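Here is the structure we will look at.
The values are calculated or read from the model by the stated rules, or taken from the named source; none is laboratory data. Everything numeric in this text was worked out from a predicted model, so none of it was measured. Methodologically, a virtual Cβ is constructed for each residue, glycine included, from the backbone with ideal geometry; neighbour enumeration extends over all protein chains shown. Only protein heavy atoms, including side chains, enter the accessible area calculation; ligands, DNA and RNA are left aside. Shrake-Rupley method; radii C 1.70, N 1.55, O 1.52, S 1.80 Å.
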Amino acid sequence: MLFVPPLLVGVVLAVWIVGNRPQPELEVADETSRMLRVIEVPVVAVLPQVVGYGTATPGQTWQAVAQVDGRIVEVHKELESGSFVSKDQLLLKIDPTEYEYAVAQLEAEIEQAKAQIEELTRTEENLQASMEIERDALSVTQREMKRIEELDARNATAQSEVDAQQRSLLTQQQRLQEQSSALNLMPARKQSQQANLALKQAQLAQAQLDLKHTEIRAPFDCRLGTVTLDVGQYVGTGQSLFEAYSNDLVEVEAQAPMREVRRLIHNPTGAAVFEEISMQRVRDMFNVQAIVEMASADISARWPARFMRIRETLDPQTRSLSLVVGVDDPYKQVVPGVRPPLLQGTYCRVTLIGQARPDQVIVPRHALHDGHVHVLDDERRLRRQPVQVEFRQSEFAVIRSGLKGGETLVVSDPTPAIEGMLVEPLPDESLHERLVADARGVDANQVTASQSSQSPTTEVGGQR
């Protein structure tokens, strides 16, 4: 009795004190957020571009080949490797003496053949005149033979006289036959001489051509390749002498993947293009501009070019398509100290520019994550947005579906990306401007350094 009641009183008192003591005030902590760079998804007119690499080659190559035998008797003073020569300029001359003799001989034989034809013509005329005389003589002989036969019928002449007249008639007929046979042979003899004349004239034309081939002239304005010839050197028919390259055109055959070349052709209807196949239709289908640049870090030089054709096969190793562009008058575009000539063998970067595609939604390539991007909703919370890509180019991707433009796109790496997490957006205006300029085909060098300096260089992942 002395222990239990005080204990109970103590327990009750303790419970009352605990139940009635003041509760501590609860302070709700602010939700943490991550600072991430964002841009507004732009909608711009995209200029499709494809970049390929290739080596410059002359648009036209001339292989000088000796077409006659002989010793070289003359060479042009500029017949040296790398020299420029003009069209029709005499570069090399082979000894023409033998060919001049051949021309002179054939000219004489032709004159002889013409004289023989003329002689046959006169002979034919003479034979025709002689035949007229022989026919008259035959008529006289025949009349005389008839008179003698009448006398013989009346026994008024001797048999010897009849026989003599008969022999005279046969002799006259024989002479007429000989004249006729000779006259009948005249067309064949004249035809033979005319064929001989034609043969001589053909031989003369060949001899004159051989004589002309003793002089080797430039077929167009060109630059010489390797030359190792000199006066006195003997050359044979078919021997290669040197090469020359045209000055008015340089071609570059650039290779690019088929999937990239497709973006240059915009055919939303999928309709057939070719009613008939021609190179002009191919050029109209592509309708691209081209720029050729030196693929060298030491020299920055570019030339405007034109699309010419597509090679007939794919590269068997890289499965790439070869597109050929041409640079017109490369030597006339030389700017001393700025733009050198586009020489054969120069390794080049070729940019093909297609027709602009309006109203395209684009995002930076690094903002794509396995078929989706990260955007912010109206409450600045991270959302995962699936997208389909039309094509990728340079540092951006064109979106086919999933974005309409104007969304707030996260361009920082949000790893770990937690759906619904709160984000503190940091607008990256510099990236937005570079992205739009890239899509429009504006050279990246035109984006000012001050704009570039405004772009953060590291990912922002701090918390507040």
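List of remarks:
- Remark: the range 159-213 carries 66 Å² of accessible area per residue (probe radius 1.4 Å; ligands, DNA and RNA excluded).
- Length-normalised contact order for the range 95-229 - Cα pairs under 8 Å, 6+ apart - percent: 45 percent
- Packing, as the average of other Cβ atoms within 10 Å across residues, places the peptides 251-264, 94-107 in the order 251-264, 94-107, highest first.
- Förster radius 35 Å - calculated FRET efficiency between residue 175 and residue 115 (Cβ-Cβ, nearest 0.05): 0.75
- Potential lengthening between residue 156 and residue 139 on full extension [0.36 nm per residue; Cα-Cα distance subtracted]: 3.8 nm
- With R₀ fixed at 30 Å, the C-beta to C-beta distance from residue 45 to residue 347 puts the FRET efficiency at about 0.40.
- Accessible solvent surface per residue of the range 295-362, calculated while the other protein chains remain in place, 1.4 angstrom probe, Å²: 57 Å²
- Cα-centred dipole magnitude for the chain, charges only on beta-carbon of K, R (+1) and D, E (-1), debye, nearest 20: 1220 debye
- Helix-only [θ]222 nm of the chain, DSSP H runs n ≥ 4, -39500 (n - 2.57) each, per residue, nearest 500: -12000 deg cm²/dmol
- Taking a straight Cα-Cα cut-off under 20 Å and skipping sequence neighbours fewer than 8 places away in the same chain, the lysines within cross-link reach of residue 93 are 77, 212.
- Value of relative contact order over the chain, rounded to a whole percent, pairs C-alpha under 8 Å and six or more apart: 29 percent
- Accessible area per residue in Å² at 1.4 Å probe, computed on the range 105-147: 65 Å²
- Here the chain exposes an accessible surface that is 50 percent carbon and sulfur, computed with a 1.4 Å probe and the other protein chains kept in place.
- Here the contact order of the range 169-271, divided by its residue count and restricted to Cα pairs under 8 Å and six or more residues apart, works out to 19 percent.
- Listed options for Kirkwood radius over Cα pairs in Å are (1) 25.2; (2) 33.5; (3) 24.3. The value calculated from this structure is the one marked (2).
- Take the Cα of residue 201, step 7 Å toward its Cβ, do the same at residue 401, and the gap between the two points is 7.8 nm.
- Each of 216, 232, 199 was scored by the projection of its Cα onto the charge dipole of the range 187-238, and the greatest displacement toward the positive side belongs to 199; charges sit on the C-beta of Lys, Arg, Asp and Glu.
- Positive minus negative residues near residue 406 (Lys, Arg vs Asp, Glu; Cβ under 14 Å): -4
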